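Here is the structure we will look at.
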Amino acid sequence: MDYKKYEWRTGRSQLYKHYYHLVFVTKYRRGVFTKEILERTKIIFKETCEQIDCELIEFNG
């Protein structure tokens, strides 16, 4: 991953950058996530990221 590509966040006396890796696993690992559900989930994640001033780098299912 190219870390210089993304801007660092700063505070009064700190410099930081956070990366989160979220994994959703269904109980029996069956084909629960359909194409429609994945599309809607991606939209929700993008909207949430905009609200908290962050960036969704990758999403797949």
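All of the numbers you see were taken from the coordinates with simple rules; none came from a lab. Just so it is clear, the structure is predicted and the values come from calculations on it, not from any experiment. Glycine gets a Cβ as well: all are built from the backbone with ideal geometry, and neighbour counts include every protein chain shown.
For the reader, a short list of remarks on this structure follows.
- Label-point separation in nm, Ile44 to Leu56, each point 7 Å along Cα→Cβ: 1.1 nm
- Ranked packing of 54-61, 22-29, most packed first, by mean Cβ within 10 Å: 54-61, 22-29
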